[in-house]
Amino acid sequence: MTTVAPDEASGPDVRIREAERADLLAVFHIEQEAFPQPWPFSAFERFLDEPGFLVAQVRDAEDSRETATVGDDGRVVGYVVADVVPNHGEDLGHVKDIAVAEERRSEGIGRRLLQRALTALAAQNAASVKLEVRESNDGAMDLYRRFGFEHHGTLPGYYANGEDALVMVREF
Ligand SMILES: CC(C)(COP(=O)(O)OP(=O)(O)OC[C@H]1O[C@@H](n2cnc3c(N)ncnc32)[C@H](O)[C@@H]1OP(=O)(O)O)[C@@H](O)C(=O)NCCC(=O)NCCS
């Protein structure tokens, strides 16, 4: 069955919360670094009120010692965008985008973002969740498999460079 890693994996200094307008520049910056065909800024704006649009915010050790001020919650180092759409009489969750800033990868932040996004989709009564992933993206696929996603189909030439997308699905 589904294996879900503990939410505490990346330690207490990471906070996952709903995205706000003030986060969008940081999100857009990470998106541009992470993907060869990044979403435009306006695409993120459209998801601002979506419960599945979440950001990961960290307070670095040096931030909290020297530069952080009262009310400074740290910087955004990752995000996930997920929503729910009707699909043949059932609500289908869709993880549309997820990325973590390169210098903060492999700390468990992606896992925590995905966990919280799935919780948000379940709260909206999604019966299952799908996502698309480049067939060469082994790291992301490994992450998705750990959360119980399974290969469901292939979209030939889905990406602009002609690469196929694997569609992965997880039932709730
Ligand atoms: C995919 C991504 C969001 C994962 O975020 P992350 O914070 O690095 O992931 P985590 O540290 O939570 O890792 C969770 C698990 O994912 C898998 N994983 C993540 N990156 C991996 C990599 N480069 N190689 C192999 N496995 C990887 C591992 O199973 C890992 O568990 P482990 O740390 O116990 O080995 C991040 O690598 C990223 O932003 N990539 C670029 C954007 C992207 O490809 N997004 C997915 C589009 S479909």
From the list 166, 143, 155, pick out the single residue that is in contact with an Asp or Glu (Cβ under 6 Å, 6 or more places away or on another chain), aliphatic (A, V, I, L, M) and either within 16 Å of residue 34 (Cα to Cα) or free of Cβ contacts under 8 Å to residues at least 60 places away in the same chain (or both). 166
Selection count where residues are crowded, with 23+ Cβ neighbours inside 10 Å and over 8 Å from the mean Cα position of the chain (by Cα), scope the range 110-121: 3
1 or more residues closer than 18 Å to residue 131 by Cα and either modelled with pLDDT of 95 or more or over 15 Å from the mean Cα position of the chain (by Cα) (or both): qualifying strands (runs of 3 or more DSSP E) within the range 8-88: 53-58, 75-87
The lone exception for residue 140 - which of (1) modelled with pLDDT of 95 or more; (2) of a type in the set (A, V, I, L, M, F, W, C); (3) surrounded by fewer than 17 Cβ atoms within 10 Å (Cβ to Cβ) it fails: (3)
Within the range 141-172, can you find the residues that are among the charged types (D, E, K, R) and part of a strand (DSSP E or B)? 150, 170, 171
Filter the range 114-140 for residues that are more than 23 Å from residue 89 (Cβ to Cβ), near the ligand (Cβ under 7 Å from one of its atoms) and either touching a strand residue (DSSP E or B) at 6+ places or on another chain (Cβ under 8 Å) or outside any helix (DSSP H, G or I) (or both) and give the result. 133, 134, 137, 140
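The values are calculated or read from the model by the stated rules, or taken from the named source; none is laboratory data. A quick note: this is a predicted structure, and the numbers were derived from the prediction, not measured. Counting neighbours? That spans all protein chains shown, and the Cβs are built from the backbone with ideal geometry, glycine included.
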